[in-house]
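Participant: Pasting a structure below so you can have a look.
The values are calculated or read from the model by the stated rules, or taken from the named source; none is laboratory data. It should be emphasised that the depicted structure is a prediction, and the values quoted were computed from it without experimental measurement. Backbone-built Cβ (ideal geometry, glycine too); neighbour counts: all protein chains shown.
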Amino acid sequence: MKEASIKVQGMSCRSCVPKIEGAIRTMGAEGEVNFDQGTVDVRFDESKIKISDIEKAIREKGYNIA
């Protein structure tokens, strides 16, 4: 499993956390959002998912990737 940290902009409240985590899960990855730091730590199988696909799923929920 590959691990990466993604800096996310636009999280205005803690209700953003499940939206982002849900987007990551639909990709088949695991993720943990750190609201206070504005980051998402993800774990994924590089043979099945690209980090750019995970970032796209987060952007589609209305957030920006720093």
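Participant: Would you check which residues across the range 1-35 are farther than 16 Å from Asp53 by Cα and small (Gly, Ala, Ser) and list them?
Facilitator: Gly10, Ser12, Ser15
Participant: Let me ask you something else. Out of (1) touching a Ser or Thr at 6+ places or on another chain (Cβ under 9 Å); (2) of a type in the set (Asp, Glu); (3) under 17 Å from Gly62 (Cα atoms), what's the single condition that is false for Asp41?
Facilitator: (3)
Participant: Further question: Can you name every residue in the range 1-22 that is surrounded by 14 or more Cβ atoms within 10 Å (Cβ to Cβ) and touching a residue at least 24 places away in the same chain (Cβ under 8 Å)?
Facilitator: If the condition is that a residue be surrounded by 14 or more Cβ atoms within 10 Å (Cβ to Cβ) and touching a residue at least 24 places away in the same chain (Cβ under 8 Å), then Ala4, Ile6, Val8, Gly10, Met11, Cys16, Lys19, Ile20 are the ones that fit.
Participant: Would you pick out the residues in the range 46-57 that are β-branched (Val, Ile, Thr) and either in contact with a Gly (Cβ under 9 Å, 6 or more places away or on another chain) or in a loop (DSSP other than H, G, I, E, B) (or both)?
Facilitator: Ile49, Ile54
Participant: Further, regarding this structure: Which numbered condition trips up Gly31, out of (1) surrounded by 12 or more Cβ atoms within 10 Å (Cβ to Cβ); (2) assigned to a strand (DSSP E or B); (3) at pLDDT 95 or above?
Facilitator: The single condition Gly31 does not satisfy is (3).
Participant: So which residues in the range 23-64 are over 13 Å from Ser5 (Cα atoms) and free of Cβ contacts under 8 Å to residues at least 24 places away in the same chain, if there are any at all?
Facilitator: Passing the criteria: Arg25, Gly28, Asp36, Ser47, Lys48, Ile49, Lys50, Lys56, Arg59.
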